[in-house]
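The values are calculated or read from the model by the stated rules, or taken from the named source; none is laboratory data. Since the structure is predicted, the reported quantities are computational estimates derived from the model, not experimental observations. We place every Cβ from the backbone using ideal geometry, glycine too, and count neighbours over all the protein chains shown. Accessible surface is based on the protein model in full, side chains and every heavy atom, while ligands, DNA and RNA are left aside. Shrake-Rupley method; radii C 1.70, N 1.55, O 1.52, S 1.80 Å.
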Amino acid sequence: MFRSAFSKTLFAVTLLASSIFGARLTGQLAAADVKVSVGVTSEYTAAVKATLDRQWTPEHFHAPLSLRLSAGLLLLSSEKQGGNAALLLSPALRWTLAGELSLFLEGGIGAAIFIKTRVDARELSTAFQFEDRLALGLPWASGELSLALTHYSNAGIKRPNDGFETLMLGYRFPL
């Protein structure tokens, strides 16, 4: 069982790395950033997230508003279940507050596809999960530091719907 989960996780990481490398070669990531986050789930499972992230400030938007799109991988450790992993696609709306610190608030609803439908004692029922995220952050060194609370749930598509949360500290830096 552990080998199967490890193989699937390794495949997902390889797929993500290949996508990054291929997009980098074609110049599609010129404005993309990398974000690495570490944290814990509501089941006290360690969580690590790595994403490619792009931010846009469309001309017709109000100046402090911008859009972000990130894609990546969430890894969850677990002694009982052999861990879990998910591919993520997460759009978000960002509001940058006026002031010296340039604090920002983000919120978004994205999607996740999990390898297994169980996270410790939580039964997700479906591999597909919605990802609802709220984050607070600020510029730090050459990147950004953020604290995010994320909820994963299938929104009642199938029962049981034992969603879970993650609390993660992340750092976003230019690629």
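For Gly170, the requirement of being touching a Pro at 6+ places or on another chain (Cβ under 9 Å), at negative phi and touching a residue at least 60 places away in the same chain (Cβ under 8 Å) is not met.
Scanning the stretch 76-107 for residues that are farther than 14 Å from Thr150 by Cβ, under 19 Å from the mean Cα position of the chain (by Cα) and aliphatic (A, V, I, L, M) returns Ala85, Leu87, Leu93, Leu105. Scanning the stretch 91-102 for residues that are modelled with pLDDT of 95 or more and either in a loop (DSSP other than H, G, I, E, B) or open to solvent by less than 30 Å² (accessible area, probe 1.4 Å) (or both) gives a single hit, Ala92.
Identify all residues within the stretch 75-90 that are at pLDDT 90 or above, open to solvent by less than 50 Å² (accessible area, probe 1.4 Å) and either within 22 Å of Pro174 (Cβ to Cβ) or small (Gly, Ala, Ser) (or both); write none if there are none. Within the stretch 75-90, Ala85, Ala86, Leu88, Ser90 qualify. Tallying residues that are open to solvent by less than 20 Å² (accessible area, probe 1.4 Å) and of a type in the set (Gly, Ala, Ser) within the stretch 29-51 yields 3.
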